[in-house]
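See structure below.
Laboratory data are not the source of any read-out in this text; all were calculated from the coordinates shown. Remember, predicted model here, so these are calculated numbers, not experimental data. Methodologically, a virtual Cβ is constructed for each residue, glycine included, from the backbone with ideal geometry; neighbour enumeration extends over all protein chains shown.
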């Protein structure tokens, strides 16, 4: 059964093949992708594919290439490159020999949503084990075919050799090309030793960037369906209380008579316009006169925090250990209360979706990061069985959490169903900012104490915020489904990891006040959900203890940390910044207009570890704050692609600067008034700080996520830098000149 | 330009090609380029000229296509992201059109892009900048680019890439 060189299959010698590398496979990847990702429901079986089967994860093609099926969304974070690195590593393939397909309920396994930095943390190990198991199966096939033991085989670019004869070899493609493994995924195959990694932990360039730079990348917004209409939603400019949703009193159809090609589509309180021509749809949505029922029942920005704190809340103790009455007897005490505003996702491209809904099936192209969850809600909305609904993820702009992607997908599906035509529906800027599920506002109160030696003795935190919104506005409007919040779930509530979890504190109590959210704005997860708010309060209180002790804030934190992850990110940030120990606020010039300060902070989300240092400048005359330099360090376990993670750190630090200096959703007693980039300003070039990213690499640990874990640290470093510069503490953000001047003049 | 009617079409030059466009003359240029011409460069971001994702060059000047009616650019030359390499080749008298401009190459080398949606505007605006200032300082880059937003926070990478491209273009010139 020894197989001599099969000239017809592999015309090149092995050495030539290796030299040719990826060139051999040119042109295959997009062909497979295009076939697999056609926007058709024909010929595909509805998913999810059985995750217990290797075939659901990996396909080997006869041209000795592979396709990885992964259930994660490329969001510009580079996971579609990094997960290929993981698979190619275990399979001993070159990066040019492997490709992937987009998230699709008819193609990709259900790995849950792409959030909480899950792609590498949860997806990395799954993909690694599947690839290792496929490799193991392929080696067993090769051993049988070549009649040598598995142990003597070696793989290079999918070519299997080891017979001792250079002319006797086989390849993945030859062994199984385009056939199924029919193999259960047991997760038991041995994994490669990290010391042998060739691709993992390398800064492999992202595969999407060249197309994006050339302008040839196809974003969701570029997709078209044959015979489609353009659609826009029609809602009040800016949401009111979540419970009220959208309420139509009357619609004046004649108000768009001047745009004869456009027409109004309505189901109960869901209103949209459609037209063959996109500009007609845009104009019609702006021109259509609708009388809305709107109530004056919101607290507005002015009364928001008092209403949250003073209203009835549901309480839950998240941590309770030791005895926090130790606070009373401690020589150094800090009591600090601060607030954080609603902040918007503000994806740079307002959400968009395409839908083709037929009597018995539906296809929806959207930017959902959790296609199986979206399928479920769309099936309910359309009255179709889930298996008849196909949801495809296509990349839109970065979204940093749950922006309006589900709402837009539902609106497109509903409109398509109502007009019995394929539809492309895009939100306008005011729809996206005005009807976002915002990162919820927060009120936090910390009471911390330390002994004379600088050991933190006691830590108490109370936090007020509402949960995330479960029902999208489209479903709420069209079906009358009442507004509802997500049930209690950790990421919506106070986070023990960011709130003092990095320090060794004997006495601790964390109390969560769930504010019933239906009377407020809609909410959902916004990158590093709630952690910026938590760290802003908590790390300022900790910093104040160091100040009272006349200790350097880095050294003070260090002496209260034994966990090596926290210690290493703290040190990495401090070292990057060439931190010179001294007590905070010890170098404030008496009468200078411009003062500078430096602060340090720690924080994270649900996994990984973040440390940051900030250098800022405050103009004591105008109240203008400039962030000069941010240094951020992440320990995210094994970092598969350091270049991607450095980019993630950079993006997190710049976004944090934006959120601390500029971002706040404004609303009055009736509705949201932040509807564009003037009324919801974000950081621009001129305010962009210098950025220094640092990675604490852990080759022997599992990836733990790097998409959001340095933001809380950076937020608190900025706040502490303000104190160092001015000797005053900010109790709310963003740091508008008005608030800064108030802080400088009003107390302390 | 008030004389332009829908049936006559509006004449203009897009990426070096003479075009007669049939969209209504009051249609914003963005919808003509992305709809009638199916170009992927200029894209919708705000519709209010606040973000720069729809930017194109009109006779070399960065212009927000989302608020510019088609009729207002009749007879003018439009360059979109897709047309930057050809424009570069023409201006630098190259024998052939390169696949990418030095600026695009630098953006790739710096791995500056995150989601990349803003890069249409970033590349258009930075092209305009480098045409008038071959050696901009970081402050000049920030000032020139300030009307272009990046929500992913990739400004530092863009600044690096502009410096790199400027240096490379000076060497080649």
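One table, with the values for the structure above:
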read-out: Of B:26, B:95, B:59, the one that fluctuates the most in a GNM where chain B has Cα springs shorter than 10 Å; value: B:95
read-out: Whole-angstrom gap from segment A:317-370 to segment A:236-264, using each part's C-alpha centre; value: 30 Å
read-out: Extension reserve of the residue B:89-residue B:11 stretch, reckoned as 0.36 nm per residue once the Cα distance is removed; value: 25.7 nm
read-out: Cβ neighbours within 10 Å from other chains - mean over B:47-53; value: 5
read-out: Number of partner chain Cβ atoms within 10 Å, mean per residue of B:103-111; value: 4
read-out: Shielding of B:37-46 by partner chains, average beta-carbon count, 10 Å; value: 5
read-out: Ratio Rg/Rh, restricted to segment A:337-495 and using Cα atoms, in which Rh is the Kirkwood radius; value: 1.14
read-out: Cα convex hull of segment B:25-143, projected area averaged across orientations, nm²; value: 8.0 nm²
read-out: Cα long-axis angle, helix B:155-172 against chain B (0 to 90 degrees, to the nearest 10); value: 90 degrees
read-out: P(r) tail fraction, segment A:161-209 - alpha-carbon pairs more than 13 Å apart, %; value: 77 percent
read-out: Spin-label model distance (nm) - residue A:387 vs residue A:261, 7 Å beyond Cα toward Cβ; value: 4.2 nm
read-out: Rotationally averaged projected area of segment A:389-432 (alpha carbon convex hull; nm²); value: 3.7 nm²
read-out: Residue-averaged 222 nm ellipticity for chain B, from DSSP H runs of 4+ at -39500 (n - 2.57), nearest 500; value: -10000 deg cm²/dmol
read-out: Full-extension gain in nm, residue A:53 to residue A:329, via 0.36 nm per residue minus C-alpha separation; value: 93.3 nm
read-out: Normalised contact order of segment B:101-171, rounded percent, pairs of Cα under 8 Å and 6 or more residues apart; value: 54 percent
read-out: P(r) of segment A:144-278 over all Cα-Cα pairs, binned every 5 Å from zero, in whole percent; value: 2, 6, 9, 9, 9, 9, 8, 6, 6, 7, 7, 7, 6, 5, 3, 2, 0
read-out: Relative packing of peptides A:297-303, A:358-364, A:127-133 - highest average C-beta neighbours within 10 Å first; value: A:127-133, A:358-364, A:297-303
read-out: Highest to lowest packing among A:571-581, A:528-538, A:417-427, scored as the average C-beta count within 10 Å; value: A:528-538, A:417-427, A:571-581
read-out: Cα Rg, Dmax (largest Cα-Cα span) when computed across segment A:439-481, Å; value: 20.0, 62
read-out: Residue A:739-residue A:315 FRET efficiency (beta carbon distance; Förster radius 22 Å; 0.05 resolution); value: 0.15
read-out: Estimated FRET transfer efficiency (residue A:359, residue A:186; beta-carbon r; R0 51 Å; 0.05); value: 0.75
read-out: Within chain A, helix-based [θ] at 222 nm, where runs of 4 or more DSSP H residues each add -39,500 (n - 2.57), nearest 500; value: -8500 deg cm²/dmol
read-out: Ratio of Rg to Rh over the protein assembly as shown (Cα coordinates, Kirkwood Rh, two decimals); value: 0.98
read-out: By average C-beta atoms within 10 angstrom, highest first, the peptides A:479-491, B:32-44; value: B:32-44, A:479-491
read-out: Difference of contour (0.36 nm per residue) and Cα-Cα distance, residue A:564 to residue A:302; value: 90.0 nm
read-out: Alpha carbon centroid spacing (whole Å) that separates segment A:148-196 from segment B:43-77; value: 55 Å
read-out: Where the Cα pairs of segment A:486-540 fall when distances are cut into 5 Å bins, in %; value: 4, 15, 27, 25, 15, 8, 4, 1
read-out: Cα-based convex hull, segment B:88-173, per residue volume (Å³, whole number); value: 88 Å³
